[in-house]
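What follows is a set of notes on a single structure, which appears directly below.
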Amino acid sequence: MKKKKRIVLPLVIALILFCVAGYLLFLKTRYHRIFVMSSEIADCPRQAREGENVTVTTVSVSDGILCLYVDDMEIASEQEGIYHFVMPGHDVSLTTVIIPTYSYDTLDSPIYFEIKTPVKARYERLWEYSDSAETEDPEMIGEIVDALRIIHIGSDPIDQIVDDFSDRIVLTYEDGSENSFVFEAENYVSDLDGRRYPVSQGLKELRNILDRMIESKEN
């Protein structure tokens with residue numbers, strides 16, 4: 001009887017190891033879906049195996065820079081309109097964002113184009129007195145991002161410089177990158193050319209949210 005048990009036990013262990021190895025092989029070789037969420041993506045496979053190199057082709061863009069994202073991760077292009085990424089072990093979604101390359105030569109241009117979600121927001125108030133606050137609250141960060149998306153600026157820069165009335169917002173993303181926005185009085189200070197453009201809409205709503213950031217810090 002003991003001899004029989006000695007024979008059966010290794011067989012059971014071998015069977016378990018065989019099943020585990022087979023399952024791992026299945027996970028490695030099975031296809032994961034690729035969801036295309038943008039009309040700017042011209043060609044892309046709809047599925048790929050984990051570790052497989054995936055090639056994505058996008059349309060040509062004449063009025064901006066096209067950025068491709070796999071989930072929330074930006075993918076750099078090796079040449080114009082051609083992108084590559086390594087398929088992870090799960091389904092992914094592909095999205096694009098077009099960042100205009102204008103110098104604000106159109107009326108009512110937006111200032112916020114980022115698709116990634118910030119994980120932290122810092123506000124620096126530089127008025128007659130200085131104050132600052134920061135938050136990692138997703139709800140408040142979402143309000144700030146929504147307010148920034150609403151803000152549009154006029155087409156013509158102005159020479160006016162306003163001292164003691166500036167607001168600076170710094171958004172930090174999960175990958176460590178940052179995006180900052182500076183306003184002087186009713187003007188936006190462009191990070192593209194350093195010039196000041198009048199805000200045509202949305203600044204009042206943003207400042208209301210920033211006021212609440214300061215108040216929540218004091219409370």
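The values are calculated or read from the model by the stated rules, or taken from the named source; none is laboratory data. As the structure is a prediction and not an experimental result, all values here were calculated from the model. Ideal geometry is used to build each Cβ from the backbone, glycine not excepted, and the neighbour counts take in all protein chains shown.
Take residue 158 and tell me if it is touching a residue at least 60 places away in the same chain (Cβ under 8 Å) and closer than 24 Å to residue 198 by Cβ.
Criteria not met by residue 158.
Out of the residues in region 115-134 that are aromatic (Phe, Trp, Tyr) and free of Cβ contacts under 8 Å to residues at least 40 places away in the same chain, which is farthest from residue 208 (Cα to Cα)?
Looking at residues that are aromatic (Phe, Trp, Tyr) and free of Cβ contacts under 8 Å to residues at least 40 places away in the same chain, I get 129.
So, residue 101, is that one at pLDDT below 90 and polar (S, T, N, Q) or not?
When the stated conditions are applied, residue 101 passes them.
Considering only region 31-44, state which residues are surrounded by 14 or more Cβ atoms within 10 Å (Cβ to Cβ) and not polar (S, T, N, Q).
31, 32, 34, 36, 40, 41, 44
Answer yes or no as to whether residue 166 is without any contact (Cβ under 8 Å) to a residue 24 or more places away in the chain, over 18 Å from residue 201 (Cβ atoms) and hydroxyl-bearing (Ser, Thr, Tyr).
no
In region 186-219, which residue that is of a type in the set (Asp, Glu) and over 26 Å from the mean Cα position of the chain (by Cα) is farthest from residue 156 (Cα to Cα)?
So, considering only residues that are of a type in the set (Asp, Glu) and over 26 Å from the mean Cα position of the chain (by Cα), the one farthest from residue 156 (Cα to Cα) is 218.
Report yes if some residue within region 49-57 is outside the structural domain of residue 175 (by TED's automatic domain parsing), at pLDDT 90 or above and of a type in the set (A, V, I, L, M); otherwise report no.
Yes - at least one qualifying residue is present in region 49-57.
Check residue 27 against each of (1) at pLDDT 85 or above; (2) more than 21 Å from the chain's Cα centre (by Cα); (3) farther than 29 Å from residue 147 by Cβ and name the one condition it does not meet.
Condition (1) is where residue 27 drops out.
Select, from 131, 175, 159, 146, the only residue that is under 19 Å from residue 110 (Cβ atoms) and surrounded by fewer than 15 Cβ atoms within 10 Å (Cβ to Cβ).
One residue alone meets the criteria, 146.
Across region 193-207, what is the total count of residues that are crowded, with 16+ Cβ neighbours inside 10 Å and either at pLDDT below 90 or more than 22 Å from residue 115 (Cβ to Cβ) (or both)?
Residues meeting the conditions: 7.
Restricting to region 178-192, and then to whatever is of a type in the set (S, T, N, Q) and within 24 Å of residue 119 (Cβ to Cβ), can you tell me which residue is surrounded by the most Cβ atoms within 10 Å (Cβ to Cβ)?
Looking at residues that are of a type in the set (S, T, N, Q) and within 24 Å of residue 119 (Cβ to Cβ), I get 179.
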